[in-house]
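Written out below as structure tokens is the structure these notes cover.
Derivation of every value follows stated rules applied to the coordinates shown; laboratory data play no part. These numbers come from a predicted model, not from an experiment. Methodologically, a virtual Cβ is constructed for each residue, glycine included, from the backbone with ideal geometry; neighbour enumeration extends over all protein chains shown.
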Amino acid sequence: MTNLFSVFDPSTSVLNLSFNWTSTFLGLLLIPYTFWFLPNRPNIIWTLITSSLHKEFKTLIGPMGQSGSSILFISLFSFIMFNNFLGLFPYIFTSSSHLVFTLSLALPMWVSFMLYGWFNHTQHMFAHLVPQGTPAVLMPFMVCIETVSNIIRPGTLAVRLAANMIAGHLLLTLLGGTGVGLPTALLLLLITTQILLLILEAAVAVIQSYVFAVLTTLYSSEVN
């Protein structure tokens with residue numbers, strides 16, 4: 001019979017190296033790397049971007065909004081911008097240029113806002129259908145106009161994002177296809193134009209994701 005304390009002896013070894021002591025370092029795997037490494041420049045820039053977006057979205061949502069909802073819109077912005085930038089690389093499928101992708105983001109958000117607003121703030125939603133100061137004669141027409149403009153919101157969100165992604169990519173493709181038989185001087189001009197258009201597309205990728213997130217935030221603030 002062995003000693004009672006022999007259960008604590010290291011017994012697992014490979015090539016005379018004891019594996020039992022690796023349990024000492026298992027806890028380190030559960031601690032995020034940000035506690036161990038100094039944040040790099042991209043990490044600092046991204047933190048500044050997300051904190052400024054959080055402040056702006058909190059202002060747009062207003063004091064009556066749900067706490068923590070700005071995280072949802074920041075995640076939406078990040079997801080769309082990531083997909084927009086991926087589409088700028090050659091031979092990578094641009095998912096944000098398809099209505100299946102954009103409508104899948106816009107429609108559930110709009111439906112959830114409408115259901116929440118009509119079930120919880122019914123009187124407030126009815127008040128939104130008639131702008132303040134509208135004459136009594138024009139009220140039926142304003143209700144129809146506001147209803148139609150409210151219904152087409154997810155469609156406009158989806159089409160705006162998809163159309164902007166399609167337009168820039170089509171222009172780059174059409175210009176790139178003409179460079180086969182061009183002389184050297186025109187070819188250099190074409191390459192310069194393509195680089196400028198690519199920079200513009202990178203800006204559009206950020207702007208369109210920001211516009212999508214901001215408009216979604218504004219739509220959510222109307223139902224509170």
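Of the options GLY133, PHE77, THR156, report the single residue whose Cα projects farthest towards the positive end of the charge dipole of the chain (beta-carbon charges: Lys, Arg +1; Asp, Glu -1).
GLY133
Roughly how big is the chain's charge dipole about its Cα centre, with Cβ charges of +1 (Lys, Arg) and -1 (Asp, Glu), in debye to the nearest 20?
Dipole of the chain, to the nearest 20 debye: 180 debye.
If you bin every alpha carbon distance in the range 108-186 into 10 Å steps from zero, what whole percent lands in each bin?
Values per bin, smallest distances first: 14, 28, 21, 13, 11, 9, 5.
No solvent, one uniform scatterer per C-alpha: report log10 I(q)/I(0) for the chain via the Debye equation at q = 0.17 1/Å, two decimals.
Each listed q corresponds, in turn, to -1.23.
Counting only C-alpha contacts under 8 Å and six or more residues apart, can you give the relative contact order of the range 61-128 as a whole percent?
Relative contact order comes out at 13 percent.
Using Cα atoms only, what is the angle between the long axis of helix 153-177 and the major principal axis of the chain, expressed in degrees (0 to 90) to the nearest 10?
With rounding to tens, the tilt is 80 degrees.
Please rank THR178, THR217, fewest neighbouring Cβ atoms within 10 Å first, as an exposure proxy.
In order of increasing Cβ crowding within 10 Å: THR178, THR217.
Once the Cα atoms of helix 139-151 and of the chain are each reduced to a long axis, what angle between those two axes, in degrees from 0 to 90 to the nearest 10, is obtained?
Approximately 30 degrees, to the nearest ten.
Can you tell me, using C-alpha contacts under 8 Å and at least 6 residues apart, the relative contact order of the chain as a whole percent?
This gives 28 percent for the chain.
Of the peptides 205-216, 130-141, 148-159, 114-125, how do they stack up when ordered by the mean number of other Cβ atoms within 10 Å, highest first?
205-216, 148-159, 114-125, 130-141
Return the calculated 222 nm mean residue ellipticity for the chain, to the nearest 500 deg cm²/dmol, obtained by summing -39500 (n - 2.57) across DSSP H runs with n ≥ 4 and dividing by the residue count.
The helix-only estimate for the chain comes to -22500 deg cm²/dmol at 222 nm.
Tilt of helix 99-120 relative to the longest C-alpha principal axis of the chain, in degrees (0 to 90, nearest 10)?
Approximately 80 degrees, to the nearest ten.
Per residue of the range 43-49, what does 6.51 cos²θ - 1.76 cosθ + 1.60 with θ = phi - 60° give for ³J(HN,Hα)? Whole Hz please, x for Gly and Pro, Karplus curve as stated.
Whole-Hz 3J(HN,Hα) from phi for the range 43-49: 5, 5, 4, 5, 5, 5, 5.
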